[in-house]
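Comments concern the structure below.
The values are calculated or read from the model by the stated rules, or taken from the named source; none is laboratory data. Because the structure is predicted, anything quoted here is derived from the model rather than measured. Glycine also receives a Cβ, built like all others from the backbone with ideal geometry; neighbour counts cover every protein chain displayed.
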Amino acid sequence: MEKITELKALVETAEKEAQAFYEKNNKAAGTRLRNALQEIKVIATDLRKDVTEKKNAAK
């Protein structure tokens, strides 16, 4: 559940950066948004692996 909490926080951060980038044309926010999205991808991949391992261990 720790990874889910971390994922939620990153999504909130990405949302704020996206707002700054798209609405205020802040180019630095675009870079921060891309970094946040990459972190989301990494955590989501780790979470998927963990779920698969636990699911397969139950067999």
* Would a scan of the range 43-59 turn up a residue that is touching a Phe, Trp or Tyr at 6+ places or on another chain (Cβ under 9 Å) and loosely packed, with under 12 Cβ neighbours inside 10 Å? -> no
* To do: Please give the number of the condition Asn25 fails out of (1) in contact with a helix residue (DSSP H, G or I) (Cβ under 7 Å, 6 or more places away or on another chain); (2) on the phi > 0 side of the Ramachandran plot.
  => (1)
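Listed here are the residues, each with its yes/no results for (1) basic (Lys, Arg); (2) modelled with pLDDT under 95.
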residue: Lys3; (1), (2): yes, yes
residue: Lys16; (1), (2): yes, no
residue: Ala20; (1), (2): no, no
residue: Ala28; (1), (2): no, no
residue: Val42; (1), (2): no, no
residue: Lys49; (1), (2): yes, no
* Candidate set from the range 1-33 (those that are among the polar types (S, T, N, Q) and assigned to a loop (DSSP other than H, G, I, E, B)); member that is surrounded by the fewest Cβ atoms within 10 Å (Cβ to Cβ) -> Asn25
* Among the residues of the range 5-44, which ones are touching a Lys or Arg at 6+ places or on another chain (Cβ under 9 Å) and β-branched (Val, Ile, Thr)? -> Thr13, Ile43
